[in-house]
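The values are calculated or read from the model by the stated rules, or taken from the named source; none is laboratory data. Keep in mind the model is a prediction, meaning the values are calculated, not measured. Counting neighbours? That spans all protein chains shown, and the Cβs are built from the backbone with ideal geometry, glycine included.
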Amino acid sequence: MSRLAIATCRGDNVDIDSPVLLEALTRAGFDAQLCVWDDQSVDWESFDLTIIRSTWDYAPRRDEFLAWAQARSRLLNPFAVVEYSTDKHYLADLAAQGAPVVPSTFVEVGQLPKFPNGDFVVKPAVGAGSIDADRYRADEIDRATAHVADLHARGRCALIQPYVASVDTDGELALVFIDGQFSHAMRKGAMLNTPADDRDPLFRREQMSRTDASPDALAVATSLLSGRFADLLYARVDLVRGPEGWLLMELELVEPSLFLTFEPAAADTLAAAITRRLA
């Protein structure tokens, strides 16, 4: 029986998807265990495979997380993808290749920010979910500047993006892929219209709902995952509707929620994909 380490972070009931995934892996014949990625007592080499899932506390210490990931002999998704996708500078890389990306300006530590006209968002270049992210109006430059300064004081690069107005009405579209194939889509309601302290797990879950992926959105997502990202165990493409079509908000290739509680069959699909990789 193959042993799987499902990498997570510290805390109780961190990921609501974990029980669904573990049950599917058991049905597929695996001995799967949740393991905290920075737990020094874990014997990682005793597992046949380590699968990154809910390692959501890595952002302030990405270097430590990357060192851990690089040390794993069998890791999914693989280390090169982990290194690439945990820093949103990848948005600039994809935009340079012609991908439709929400305009993104990176303010490195020590640089002065320049904000766009209209509403905009400030977030860390390395971050998870809406943590340390906020929305600002055009007349809130002082508050936004203080936000950038706070990120810089913690040694973190800031990312500035115009706020995409369609998020308020249509939300974001999250397209989940498993083993390179489209699985299901979710609608994510606006997060940044609510104070950060109120964005608890219950609020986040209430903002989620199953939806259908339009052919044009699916085409954009599939194109973004072609080539070097075509055969990943899992991926999530988060899109927003811009004036001229779909735009990439984030390409989640490391620890995205896959919303398995909304689509339980996807957990069995994921287990089958793992089985093929260990065959």
| query | helices (runs of 4 or more DSSP H) wholly in the range 177-279 with at least 3 residues that are at pLDDT 95 or above - which ones? | reply | 215-224, 265-278
| With respect to Q33, is the statement that it is within 21 Å of the chain's Cα centre (by Cα) and polar (S, T, N, Q) true? | no
| Restricting to the range 1-26, what's the tally of residues that are in contact (Cβ under 8 Å) with a residue 40 or more places away in the chain, hydroxyl-bearing (S, T, Y) and exposed (fewer than 13 other Cβ atoms within 10 Å of the Cβ)? | 0
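Here is a check on your reading of the model: is V121 in contact with a Lys or Arg (Cβ under 6 Å, 6 or more places away or on another chain), surrounded by 13 or more Cβ atoms within 10 Å (Cβ to Cβ) and outside any helix (DSSP H, G or I)? Quick ask: steps written out before the conclusion?
Values: in contact with a Lys or Arg (Cβ under 6 Å, 6 or more places away or on another chain): yes; surrounded by 13 or more Cβ atoms within 10 Å (Cβ to Cβ): yes; outside any helix (DSSP H, G or I): yes.
Yes, satisfied.
Does R62 satisfy being charged (D, E, K, R), outside any loop (DSSP other than H, G, I, E, B), over 19 Å from L233 (Cα atoms) and touching a residue at least 12 places away in the same chain (Cβ under 8 Å)?
On the way: charged (D, E, K, R): yes; outside any loop (DSSP other than H, G, I, E, B): yes; over 19 Å from L233 (Cα atoms): yes; touching a residue at least 12 places away in the same chain (Cβ under 8 Å): yes.
Considered against the rule, which asks whether it is charged (D, E, K, R), outside any loop (DSSP other than H, G, I, E, B), over 19 Å from L233 (Cα atoms) and touching a residue at least 12 places away in the same chain (Cβ under 8 Å), R62 comes out as yes.
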| Residues located in the range 12-26, provided they are farther than 17 Å from A271 by Cα and either in the same structural domain as A235 (by TED's automatic domain parsing) or not in a loop (DSSP other than H, G, I, E, B) (or both) | none
| message | Residue under question is P113, and the condition is that it be more than 22 Å from P256 (Cα to Cα) and either outside the structural domain of D142 (by TED's automatic domain parsing) or in a loop (DSSP other than H, G, I, E, B) (or both); does it hold? | response | yes
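I'd like the full set of residues that are in contact (Cβ under 8 Å) with a residue 40 or more places away in the chain and assigned to a loop (DSSP other than H, G, I, E, B), limited to the range 163-176.
We begin by selecting, within the range 163-176, every residue in contact (Cβ under 8 Å) with a residue 40 or more places away in the chain; these are 163-167, 170, 172-176.
Listed by number, the residues that qualify are Y163, V164, A165.
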| request: Just one of (1) in contact (Cβ under 8 Å) with a residue 24 or more places away in the chain; (2) more than 25 Å from W56 (Cα to Cα) trips up A125, so point out which. | output: (2)
| Would a scan of the range 248-257 turn up a residue that is polar (S, T, N, Q) and surrounded by fewer than 22 Cβ atoms within 10 Å (Cβ to Cβ)? | no
| query | Do you know which residues across the range 70-93 are more than 16 Å from the chain's Cα centre (by Cα) and not in a strand (DSSP E or B)? | reply | Q70, A71, R72, S73, R74, A92, D93
| Lone unmet requirement of (1) in a loop (DSSP other than H, G, I, E, B); (2) more than 24 Å from W246 (Cβ to Cβ) for V148 | (1)
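Condition (residue is among the aromatic types (F, W, Y), touching a Phe, Trp or Tyr at 6+ places or on another chain (Cβ under 7 Å), assigned to a loop (DSSP other than H, G, I, E, B) and crowded, with 21+ Cβ neighbours inside 10 Å) applied to the range 27-49: is it met by at least one residue?
First, the residues of the range 27-49 that are among the aromatic types (F, W, Y): 30, 37, 44, 47.
Add one more test, that the residue is touching a Phe, Trp or Tyr at 6+ places or on another chain (Cβ under 7 Å), and what stays is 37.
Pick out the ones that are also assigned to a loop (DSSP other than H, G, I, E, B) and you get 37.
Among the residues that remain, those that are also crowded, with 21+ Cβ neighbours inside 10 Å are: 37.
Within the range 27-49, one or more residues are among the aromatic types (F, W, Y), touching a Phe, Trp or Tyr at 6+ places or on another chain (Cβ under 7 Å), assigned to a loop (DSSP other than H, G, I, E, B) and crowded, with 21+ Cβ neighbours inside 10 Å.
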| remark: Inside the range 245-269, the number of residues satisfying the requirement of being hydrophobic (A, V, I, L, M, F, W, C) and out of contact with any Phe, Trp or Tyr (no Cβ under 9 Å at 6 or more places or on another chain) is 9
| query | Hey, H152 hits all of (1) closer than 30 Å to V14 by Cα; (2) surrounded by fewer than 20 Cβ atoms within 10 Å (Cβ to Cβ); (3) out of contact with any Gly (no Cβ under 9 Å at 6 or more places or on another chain) but one; which does it fall short on? | reply | (3)
